[in-house]
Amino acid sequence: MKLQIEKWVEGNKPFKEYEAANDLFEESVRCYKMGAYKSAFIMSYLSFKVTLRGRILGCTYGKELAKSNPKFWENEIVKKLEDDSSWENHLNSIVDASCSSGNKKDIAILDFTNGEQVKIAYNYWKNIRNDCAHAKGRITIDSSTVECFWNYLMDNLSDFYVLGGEEYLLRELKNLYQYYPFPEIVEQDSVKIIMNDVNVVYKKNSKYFFQKLFEKLEGRHNGKGQFVNDSNKKFWQDILESNYENVREGIVEVISSDAMHFFNFYSYYPQLLEMSVSINSKFVVNDLCDWLNSSYYFTYDFKKNFWTVFVEILHRFPSHVDIKGIVNKQTLELIDAFEPDERKLQILNRNGVFKEYIFEVSSWFFRTDASSQYNNYGRFQSSESEFIELCFDYLEWDSKCVATLNYALVSLEESMASRSNHSSIMNGHSYKSRCKRIICKNKDKIRNIPDINLSDYKEVLEIINSSCEREQD
């Protein structure tokens, strides 16, 4: 059976870049299982120190540290840590200086949120190791000592990076994001490993980390916020589906606080809606409905998302949805991106969405006197009329729909009888042609309306029996 520490190392690979540290750790586990606890502790402690040394020597941004001596990094850090006879003492000096709350020395290259606590714990284990190494015998080393040190490793190893765990994690994740489409450049499982460190370093404040990350990434995207695409969707999936609740909640809070981010991510991860509501029960009421009632957010590639999200919240949170607020002239313009299926049509019609677009948002369409048609000429000739026609195609027809259309046609006939202006007459003919097209495309739906007597709607019936039949012939 594997020990907890073995499972942690296997899952988080803290020593993967440092062969010597990994070998030392594996030896420590073997010693522990044989009951050689002192050796197990010493080997574990050395794997910890070798890892810290490797992290500093391998730091790609150490030279960015602004010091008075341009060769500071090379002379005061690299050379001294590469000296096999004194590197461990110099590493202790670096940690000690980095924990100091007063005037720090130049070698204070690490950064800790609570330096005093870090210093106490670090020196505690350093002193135990020194007692073991010099055989002073003042401390009993047993299984609990080793296990306590392993717990220390799991809880604190993520803090020991140049400029601190926070800066390191931001840089590493940004770098992974940049090169994620190229698996030959980055190890894609690294995202899961970094999420462990985010969970340890930030705990319940991972939202702060992801806010910083998004700010950095927005610089690469000129503020457009389209972070997810086909080539990096697994990068974000590993974060959204992290084993750590703190991580999942942190990134969802950031995504669901911005409309562009939410719709971009939602197109790849539909579970985001449920996750957002689970964190903030008012999300649909206070945020999502406001975003949906403005076509501003759908001017990029998110038009289809409008309908997908709208359908889902109508289905799952109907009492939270302000239908009249969302169904407006601006969102009518998104109808050409709607991809109908039986489920979507059923939900939208059950909530009266297409009726709202046709009879409320587009009530002007049914005003057929000469003056109204003149005033609405521009709208009738624009794509707005085409959008209304599409709504009729998706509509679940009933007698009210037929009656409204029939009344508009009756009014048109009465108006046409007194028109003498050529343009006005042409407006009337154009309107009737569009109505004929709407009725003929939907004649089967009209005929199948329960308990309808089409003879009560003579204008509609005449079109079905004459114009539609001629089209069939």
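At a glance:
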{"read-out": "Given (1) touching a Phe, Trp or Tyr at 6+ places or on another chain (Cβ under 9 Å); (2) open to solvent by 60 Å² or more (accessible area, probe 1.4 Å); (3) not β-branched (Val, Ile, Thr), index of the condition SER281 fails", "value": "(1)"}
{"read-out": "Answer residue from the stretch 219-230, given it is open to solvent by 60 Å² or more (accessible area, probe 1.4 Å) and under 19 Å from SER267 (Cα atoms) and is modelled with the highest pLDDT among those", "value": "ASP230"}
{"read-out": "Filter result for SER371 (free of Cβ contacts under 8 Å to residues at least 24 places away in the same chain and assigned to a loop (DSSP other than H, G, I, E, B))", "value": "no"}
{"read-out": "Meets criteria (hydrophobic (A, V, I, L, M, F, W, C) and at pLDDT below 90) for ALA66", "value": "yes"}
{"read-out": "Pick from the stretch 338-356, criterion over 15 Å from ASP398 (Cβ atoms) and in contact with a Lys or Arg (Cβ under 9 Å, 6 or more places away or on another chain), ranking: least open to solvent (accessible area, probe 1.4 Å)", "value": "PHE338"}
{"read-out": "Selection from the stretch 124-169 of residues that are part of a loop (DSSP other than H, G, I, E, B) and touching a strand residue (DSSP E or B) at 6+ places or on another chain (Cβ under 9 Å)", "value": "PHE160, TYR161, LEU163"}
{"read-out": "Residue ID - nearest to HIS320 (Cα to Cα), chosen from residues in the stretch 284-306 that are part of a loop (DSSP other than H, G, I, E, B) and open to solvent by 40 Å² or more (accessible area, probe 1.4 Å)", "value": "ASN293"}
{"read-out": "Test: THR113 is of a type in the set (S, T, N, Q) and open to solvent by 80 Å² or more (accessible area, probe 1.4 Å)", "value": "yes"}
{"read-out": "The stretch 31-44, subset touching a Ser or Thr at 6+ places or on another chain (Cβ under 9 Å) and of a type outside the set (Phe, Trp, Tyr), residue most open to solvent (accessible area, probe 1.4 Å)", "value": "LYS38"}
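Each row is one residue, and each column tells you yes or no for (1) under 19 Å from GLU147 (Cβ atoms); (2) assigned to a helix (DSSP H, G or I).
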{"residue": "GLU17", "(1), (2)": "no, no"}
{"residue": "SER28", "(1), (2)": "yes, yes"}
{"residue": "ILE42", "(1), (2)": "yes, yes"}
{"residue": "LEU46", "(1), (2)": "yes, yes"}
{"residue": "VAL50", "(1), (2)": "no, yes"}
{"residue": "ASN75", "(1), (2)": "no, yes"}
{"residue": "ASP96", "(1), (2)": "no, yes"}
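The values are calculated or read from the model by the stated rules, or taken from the named source; none is laboratory data. Small disclaimer: the values here were computed from a predicted structure and weren't measured. Cβ atoms come from the backbone with ideal geometry, glycine included; neighbour counts cover every protein chain shown. In case anyone asks, the SASA skips ligands and DNA or RNA and just uses the protein heavy atoms, side chains included. Shrake-Rupley method; radii C 1.70, N 1.55, O 1.52, S 1.80 Å.
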